[in-house]
Structures are given as C-alpha cells and as structure tokens.
Amino acid sequence: MEKLNTLAIDIGHNVNFDTGAIGIRKEDELNMEVGKELIDKFKATNINVINCTPYNAISLHDSLNQRVVAANKGKADFFLSIHHNSCPGGRGAEGLCLTGGIAEQVGISILNEIEELGLYNRGIKNRRDLFVINQTIMPALLIECAFCDSESDMNGYNPERVAGAIFNGICNVFDIEKDLSGSFNENQVYYNVVKGDTLYKIAQKFNTTVESLVELNGIKDENLIYVGEDLRIK
Ligand SMILES: [Zn+2]
C-alpha cells in the first residue's frame, strides 16, 4: 500500500471571482458539504489534512494559486479537489488528473465507490490543462462528484454518502490508520502579494493582525513585503 502523511483537500470554488456552476443545486454548496464531511472523516485517522480552500480571493488566478500554494508549502503528498459538474444531458462522476500514476489509481478507486451509490461512472480523463493539477508538485486529482444540473443525479443526492465513498476510495489505496484522535492541521492559508498591498491591508482582508502575519512569516521589516511573495495568513 502507498504511504500518505499529508492530504491536501481543496473545496472547489466558494470564493470571490471563483464561483461554481448553478444547476438544480449550487455547485458551491455541494462542494462545501462533501468537502467538509470528508475533512471530518479524516479527523479520526492518522492523516494530516490541509484544507486548501481560500477564504478570499482577488481574482480567479489568485483563488486557484492560493489552493496550490497551500498544498505545495504544506508539503502534501496528495492533492484532492472536490467539484460538481454541469452540462445539459450529463450525469455521473468523473476524475480528472494526469493519467498513468497514483492519481489515476486513487481516482479509479473513488469512482468505483461512488458508482456503488448509484451514480454513473464516467471514468478518468487525462487533463494537463487544469491549473491546480499542473501547478501542484504532488499527485493531484479533481473529482467531479455528480452533475448539479442533472435531475437523476440530484434526485436524493446525499453529499455525506458521497464523502464516505471518497474516503473509502482513498483508504483502499493508501495505508491509513482509522479510529484515532489524529494530528489534525489547522487550515493553512496563503496569499500571493499583489501591487499596492501592505501588511495592514492584507491583515484587514483576512481578518487577522499585522503582528500575526509578521510572526507566521518571520518578517523582519513590516514595511517590506514583495509582490509575488506568498504570505502565510493562518
Ligand atoms: Zn467546479
């Protein structure tokens, strides 16, 4: 069995400039329900989880970049992004990743579990064009759990059970100890400094303090931050 110490979980969209599809149900809400439940399930294991979902974003790129930076800087061994699809006539679950490695293996395992809930298995798609898959330095998988605009998918759709299926799918591949109190991470949040930012402005944006930012990032001169620098917020 493969080893997994730290899992990065990214709850798709859910911030400014990056909102999900709207179908019979809202993708944002479904992603959040599945993601939170999944994070909860890992609390009782020996796996360290980083929740990569940002609190705020100033652009789509910033939203995606914060997720990637949180996973990369947190040294996650695997990155999982939770989404729900939308397309007229579509139904079922699919996995998007670079095929041929562990991400595909985990994806197949998760889709088999989701299929058992009665959702159609659309299989794995090789996607080199997705930012979060490209820019993360560990194996990365994006799961589209179901179509939020499909009547058959959304009829009786149960995010809790889908989270359970994803959890089982991951546990089938990695050696995970269950029923532990676990060493659980706080959210790690990173922000990419843009022109015009000051520590004070960033602290206000994320509802934190300049002192906290200085301490988390080991900043020597609080008037000196650099455009493009990734600051840890939390
Ligand atoms: Zn999405």
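Some observations on this one:
- Furthest towards positive pole of dipole, Ile11, Met1, Gly118, structure part region 1-130, Cβ charges: Met1
- Here the alpha carbons of region 193-232 define both size measures, Rg and Dmax, at 9.0, 22 Å.
- Highest average first, the peptides 112-123, 223-234, 82-93 ordered by how many other beta carbon atoms sit within 10 Å of their residues are 82-93, 112-123, 223-234.
- Formal net charge of residues neighbouring Asn16 (Cβ-Cβ distance under 11 Å; K, R +1; D, E -1): -1
- FRET efficiency, Ile22 to Val227 (Cβ-Cβ, R0 22 Å, nearest 0.05): 0.05
- Within-13-Å neighbourhood charge of Phe79 [Cβ basis; K, R +1; D, E -1]: +1
- Each Lys and Arg contributes +1 and each Asp and Glu -1, all at the Cβ; summed about the Cα centre of the chain, the dipole is approximately 360 debye.
- Placing a pseudo-label 7 Å from each Cα along the Cα-to-Cβ vector at Asp129 and Leu60 gives an inter-label distance of 1.2 nm.
- Contour minus Cα-Cα distance for Glu177 and Thr198 (0.36 nm per residue): 3.2 nm
- Annotation: the antiparallel percentage among DSSP beta bridges lying fully within the chain is about 35.
- Full extension of the chain between Lys205 and Glu116 gives 27.8 nm of extra length, using 0.36 nm per residue less the Cα-Cα distance.
- ³J(HN,Hα), Karplus 6.51/-1.76/1.60, whole Hz, each residue of region 222-234, x for Gly, Pro: 6, 8, 10, 10, 10, 4, x, 6, 9, 9, 7, 9, 9
- Pairwise centroid distance, computed over Cα atoms, of region 216-234 with region 1-46, Å: 28 Å
- Dipole of the chain, positive end: most advanced residue of Cys87, Asn172, His61 [Cβ charges, Cα centre]: His61
- Two-decimal Rg to Rh for region 6-173 - Kirkwood Rh, Cα set: 0.93
- Straight-line cross-link partners of Lys36 among the lysines, defined as a Cα under 28 Å from its Cα and at least 8 positions apart when in the same chain: Lys3, Lys26, Lys73, Lys75, Lys125, Lys178, Lys205, Lys234.
- Once the chain from Ile137 to Lys3 is taken as fully extended at 0.36 nm per residue, the excess over their C-alpha distance is 46.6 nm.
Readers should treat all values here as calculations from the given coordinates under stated rules, not as data from a laboratory. In this text, all values refer to a predicted model and were calculated from it rather than measured experimentally. As a convention, Cβ positions derive from the backbone with ideal geometry for all residues, glycine included, and neighbour counts pool all protein chains shown.
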